[in-house]
1. When the convex hull of the Cα atoms of the chain is projected onto a plane and the area is averaged over all directions, what value comes out in nm²?
2. Per-residue HN-Hα couplings for the stretch 136-153, Karplus 6.51 cos²θ - 1.76 cosθ + 1.60 at θ = phi - 60°, whole Hz, x for Gly and Pro?
3. How large is the dipole of the chain about the Cα centre if only Lys and Arg carry +1 and Asp and Glu carry -1, each at its Cβ, rounded to the nearest 20 debye?
4. Let me check I've understood the local charge: for His70, count other residues with C-beta under 11 angstrom from its C-beta, Lys and Arg +1, Asp and Glu -1. What total comes out?
5. Per Stokes-Einstein, at 4 °C and 1.567 mPa s, what whole-number D in µm² s⁻¹ belongs to the stretch 74-199, with the Kirkwood radius over Cα pairs as the hydrodynamic radius?
6. Using the Cα centre of the chain as origin and beta-carbon charges of +1 (Lys, Arg) and -1 (Asp, Glu), tell me which of Thr188, Pro224, Leu17 is placed farthest towards the positive end of the dipole.
7. For the peptides 129-141, 54-66, 237-249, what is the packing order when you average, over each peptide's residues, the other Cβ atoms within 10 Å and list the highest mean first?
8. Need the full-extension length gain, Arg143 to Val48, defined as separation in residues times 0.36 nm minus the C-alpha distance. One decimal, nm.
Amino acid sequence: MNEFELHRALLLFCFALAGVTFFVTGVLTAPYGRHVRTGWGPVLNKRVAWALMESPSVVVFAWIFAQGTHAGDLVPRIFAALWLLHYIPRAWIDPFLMRGSGTTPVIVTLSGMSFNVLNSYLNARWLSELGPGYGLGWLFDLRFLYGMMLFIGGYLVNRWADFELRRLRQPGGPRYVIPRAGLFADITCPNYFGELVQWFGWAIATWSLSGLSFAVFTAANLIPRAVSNHRWYLENFPDYPRSRSAILPRLL
């Protein structure tokens, strides 16, 4: 088996993993954040767990990308810069901005790390070695332009929503309150909505199965989590707006 065949096999595995993840997390809510509970084995501080879980998306991606023969080309470098723009804050800044204390099971941390290693390899290797090379003409292709519009728009929504959630959790105040600003008026999880839009934009802009596998896995992971979060708010806040959707306005 050559590397291209290995890459394709791992892509198929990633798509299959998305299906398993969607089923499992739809039945069994992942035990972290507001849903943390006992019975899942050893735990880590939530900040340490989050940093460990997301770091492969910086370190592994950057290292694998740098090995490719197209690593010095402009368009692959733009894609790499956008990837790292998302993951450097996510791995090494956001964990230490979290409010309050808490833990995350080690098994959840290891699962997240494993997926991020796989996903980083699939995307980095495609961009800088196994893909089409992305010449300068790709910058004017409608797939790149439309995909980048979605990526940047989704990124901004995701960052804004995370900032708004942190802003509401003031020291000494209640751990959870009902967010009401902006997109929170329509959906419970605009942070997840933004991330969905962002990575489907990535799939379009790169026009790759690697990007699509990540977008599909993101949907399989985030949609059940959004539904669980929405249900949690409804159960814990009697005045929570019943008109809100979980993640897709007026749809879900």
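Quick note: the coordinates plus some simple rules give every number you see, no bench work behind them. Since the model is a prediction, treat every value here as computed from it, not as a measurement. FYI the Cβ positions are ideal-geometry reconstructions off the backbone, even for glycines, and counts take in every protein chain you see.
1. Details: hull surface 56.3 nm².
So the Cα hull casts an average projection of 14.1 nm².
2. Listing the rounded values in order: 4, x, 5, 5, 10, 6, 4, 5, 5, 5, 5, x, 5, 4, 5, 4, 5, x Hz.
3. On the way: 21 positive and 13 negative charges, 194 e Å.
Rounded to the nearest 20 debye, it is 940 debye.
4. Numbers: positive: Arg77, Arg125; negative: Asp73, Glu129.
So the surrounding residues net to 0.
5. Numbers: Rh = 16.9 Å.
Taking Rh from Cα pairs, D becomes 76 µm²/s.
6. Comparing the listed Cα positions along the dipole, Thr188 ranks first.
7. Values: 129-141: 15.2, 54-66: 19.2, 237-249: 13.7.
The peptides rank, most packed first, as 54-66, 129-141, 237-249.
8. On the way: separation 95, 0.36 × 95 = 34.20 nm, distance 3.76 nm.
Full extension of this stretch gives 30.4 nm more.
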